[in-house]
Amino acid sequence: MTATAITNIGTLVTNDPALGDGPLGLIHDAALVIEGDHIAYAGPSSGATAADDRIDAGARAVIPGFVDSHSHLLYAGDRTEEFNARMSGRPYTAGGIQTTVKATRTASNNTLEANLLRHIAEMRRQGTTTLETKTGYGLSIDDEARAASVAASHLDEVTYLGAHVVAPEFKDDPAGYVDLVTGPMLDACAPYARWVDVFCERGAFDGDQARAILTAGMAKGLIPRVHANQLTEGPGVQLAVELEAASADHCTHLTDADVDALAKSGGRTVATLLPGCEFSTRAVYPDARRLLDAGATVAISTDCNPGSSYTSSMPFCIAVAVREMGMTPDEALWAATAGGAAALRRNDIGRLAPGARADLAMLDAPSHVHLAYRPGVPLVTAVWERGTLVSA
Ligand code: NIG
Ligand code: FE
């Protein structure tokens with residue numbers, strides 16, 4: 001097995017407190033040794049083991065690859081007009097999802113796949129090494145199943161979101177649509193998916209419908225995650241915690257009881273915050289400080305989708321989370337890496353410690369703090385996935 005040593009790392013973020021300082025396990029003047037697809041050594045430069053190849057990091061920072069645990073990349077079409085209208089004052093209502101459903105239904109599998117791959121490549125260049133993506137713009141058995149199948153041929157983390165909104169054909173029969181989503185559509189999609197999700201919100205699915213959808217998915221072996229409390233307060237977060245969902249996503253409008261429930265879950269249900277969404281819809285930001293101070297586990301993700309958040313950039317989300325949501329740069333970096341891994345119930349990624357997967361990014365900066373300090377600057381200079389250099 002070939003071993004590659006990266007030496008002269010200015011700041012190494014390991015996310016392993018046993019290896020370095022603080023919760024990020026920071027090591028200065030560090031080295032990493034990659035053996036095959038995993039990390040063999042992470043520590044001071046002086047202790048680096050022998051290697052076949054050596055890369056001098058030039059005192060740059062190295063961080064775990066970003067784990068983007070929430071995106072919607074199985075779609076076709078464009079919503080520039082809706083964005084323009086919104087920036088002229090029209091509010092975001094999630095009604096535009098139907099525009100994307102129309103375009104997605106008429107798109108070929110090749111188009112769906114090409115769109116997915118384009119976004120994966122875009123994310124990778126920006127340091128994302130693991131991403132989750134969802135169905136939810138097909139809303140028929142066939143269109144949801146082909147989206148799930150396209151996703152599964154490229155990604156491990158696929159989420160069945162037949163319950164994004166009620167399909168147009170079922171406008172007057174939402175109960176009939178829930179039957180479809182919990183019955184034949186679930187049967188067709190479950191083989192491709194690891195997760196089941198529902199948009200629990202006024203205008204989408206209420207608490208009872210959401211419970212029926214998530215428990216049906218769980219009975220098929222899928223693990224729940226929930227779009228919760230995005231536009232209004234509601235039952236989503238409490239339901240997520242009760243069903244031990246891996247994450248409650250958005251968490252923008254929370255009661256004290258919601259915050260308390262997330263904290264008491266002890267990290268079982270991660271609060272996944274999506275700063276790109278509030279940025280792109282001119283909405284009030286979720287209060288990360290309140291969640292962190294209560295003891296909840298927080299992740300940051302892009303929510304990359306053509307409507308509410310068309311950014312694929314984790315560095316951008318980190319900068320916004322720090323500026324607008326009360327997070328420190330350290331907390332935001334953790335949330336975008338280890339937090340995302342927790343939201344996907346993964347312990348092989350999101351950290352750079354011996355045995356972990358060699359998914360990492362090098363920054364053209366002396367530390368990870370620059371991701372927030374230098375917003376909008378493309379600082380990711382090299383990315384390794386499973387030990388292979390995939391972007392430089
Ligand atoms: O996470 N909230 C629901 N779904 C997406 C928005 C999708 C869209 O507008 O197309 C979200 O923000
Ligand atoms: Fe979403």
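The values are calculated or read from the model by the stated rules, or taken from the named source; none is laboratory data. Remember, predicted model here, so these are calculated numbers, not experimental data. When we count neighbours, we look across all protein chains shown, and the Cβ atoms used for this are built from the backbone with ideal geometry, even at glycine.
Tabulated data for the structure shown
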item: Every residue from the stretch 126-161 that is outside any helix (DSSP H, G or I) and closer than 18 Å to THR99 by Cβ; result: LYS134, THR135, GLY136, TYR137, GLY138, LEU139, SER140, LEU161
item: Out of THR133, THR80, sole residue that is crowded, with 24+ Cβ neighbours inside 10 Å, within 14 Å of ligand 1 (Cβ to nearest atom) and over 30 Å from ALA5 (Cβ atoms); result: THR133
item: Residue in the stretch 171-187 that is under 26 Å from TRP384 (Cα atoms) and not aliphatic (A, V, I, L, M) present; result: no
item: Criterion violated by PRO286 - all others in (1) within 14 Å of ligand 1 (Cβ to nearest atom); (2) part of a helix (DSSP H, G or I) satisfied; result: (2)
item: Near pairs, Cβ below 9 angstrom, 6+ apart or cross-chain, from the stretch 272-292 (at pLDDT below 95) to any residue that is assigned to a helix (DSSP H, G or I) and within 14 Å of ligand 2 (Cβ to nearest atom); result: none
item: Residue in the stretch 93-115 that is more than 16 Å from ligand 1 (Cβ to nearest atom), at pLDDT 95 or above, outside any helix (DSSP H, G or I) and surrounded by 12 or more Cβ atoms within 10 Å (Cβ to Cβ) present; result: no
item: The stretch 203-214 - residue that is in a loop (DSSP other than H, G, I, E, B) and within 16 Å of ligand 2 (Cβ to nearest atom) and, of those, nearest to ARG346 (Cα to Cα); result: ALA204
item: Any hit, the stretch 173-192, residues being among the charged types (D, E, K, R) and touching a Ser or Thr at 6+ places or on another chain (Cβ under 8 Å); result: no
